[in-house]
1. Within the range 157-183, name every residue whose backbone N is under 20 Å away from a label modeled 7 Å from Cα of Ala93 along the Cβ vector.
2. For the range 269-327, what does the convex hull of the Cα positions come to per residue, in cubic angstrom?
3. Which of the GluC sites (Glu not before Pro) across the range 97-138 are loop residues per DSSP, with 16 or fewer other Cβ within 10 Å?
4. Which net charge results for the neighbourhood of Gly257, defined as the other residues with beta-carbon distances under 9 angstrom from its beta-carbon, given Lys and Arg at +1 and Asp and Glu at -1?
5. Against the empirical 2.2 N^0.38 Å scaling, what ratio does the C-alpha Rg of the range 206-327 come to?
6. Would the range 226-271 count as rounded, prolate or oblate if I go by the C-alpha gyration tensor, calling it rounded below 1.5 in a/c and otherwise prolate when a/b exceeds b/c, oblate otherwise?
7. Residue-wise, which Karplus ³J(HN,Hα) couplings in Hz belong to the range 78-87, taking 6.51 cos²θ - 1.76 cosθ + 1.60, θ = phi - 60°, and x for glycine or proline?
8. Which one of Met121, Thr242, Ser10 has its Cα pushed farthest toward the positive end of the charge dipole of the range 3-319, where Lys and Arg give +1 and Asp and Glu give -1 at the Cβ?
Amino acid sequence: MGVRLYHDLSAGERRVPRGTHVLGGVAYGDVAASGEGPVLTVDAPVLAGASGATSLLLTDRPGRCGNHGPVRYCATDELVFGVVQLHDGALEAATARAYGAVFEALDALGYPTLLRAWNYMAQINEVADGVERYRQFNAGRQAAFAASGRPRSGRVPAACALGTRAGPLSVAFLAGVTPFVPVENPRQVSAYHYPPEYGDLSPTFSRAGLARVGGVDALFVSGTAAIVGHASLHANDIDAQTRETLANLEAVVDAAGAYPGGVRHRLEHMDFTVYVRHAEDAGRVTALLRAHVGESARAICVQADVCRAELLVEIEAVGGLPRGTET
Ligand code: 3EB
């Protein structure tokens, strides 16, 4: 079954192309809720001209949708997209519960391979009970991977983790039945090998995942920032952080293309979600992105806190999926 990526930059009601169905997605800012498909609503303002934006995966036939515990999902024969939101007064425990629920759903439904996760939480850089909330999230996430018998390094999903203005811990995921190829960035220490200075338990994600989705070779590039080795670079310099981020994106896409039998993706043909810590940086970041990948670059731009306090920008990308267009 065909799968398409639909980046909708309009607020208000979603109008998906005729003859397509929402497998799931993420909605930012001011978007009207809709009953169809599991779409995670994220309380983060959309910038650069729009007041709301939605990133959806569309299928040409309706999926089988339902609930498993706190997880809402829609599935095709090869893929399942799901969302879970849990109140997170105690973020580490809430994260372990959320991921535990995701893994239970995947086991019950028969989709063993978690390919991509989107993570959002309020006050991501605040210290609560002596530990930064992002670090609590990492501890809960890693514990849940271990508890489900999944690896905590190597074959781990692509991901992103961002701060919202308010709201519960919110996780969306895409999983499948066949293995995917995890991709690392030669310029960066793997996040699952970050040293303890960034938290006692390291983040459980790959820099990207190559997967066969809807009959095409898709590349899901994780949230990418101005980190080289394991260090954040260019404090307080949005232009330099953006350029470093673009260099990292190029390096990941290159690394993905080096796999035998792998398809070469090009940044020029990918779809982006840009997260800026400060709304006033949106224009600079999107200008630098366009200068790098072309004026027709398709980017959703969102104001969100990034998971290290000194990072001002994070960019994620999807390649290979055909684009849904409005009819
Ligand atoms: C980094 O490279 C920046 O915790 O799931 C990027 C993508 C980041 C995913 C995650 C964090 C995550 O470490 C932050």
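1. It comes to 167-171, nothing else.
2. On the way: hull volume 6.0 nm³, N = 59.
So the per-residue hull volume is 101 Å³.
3. Numbers: sites: Glu104, Glu126, Glu132; in loops: Glu126.
Hits after loop and neighbour filter: Glu126.
4. Numbers: positive: Arg264, Arg266; negative: Asp254.
Charge balance near Gly257 sits at +1.
5. On the way: Rg = 14.4 Å, N = 122, 2.2 N^0.38 = 13.7 Å.
Compactness ratio reported: 1.05.
6. Numbers: a/c = 5.25, a/b = 2.00, b/c = 2.62.
Note, shape of the range 226-271 comes out oblate.
7. Computed from phi, the couplings for the range 78-87 are 10, 9, 9, 10, x, 9, 8, 10, 9, 5 Hz.
8. Ser10
Read the figures in this text as sums done on the coordinates, not as results from a lab. Everything quoted here is computed from the prediction, not taken from an experiment. A quick note on method: Cβ atoms are made from the backbone with ideal geometry, for glycine too, and the neighbour counts reach across all protein chains shown.
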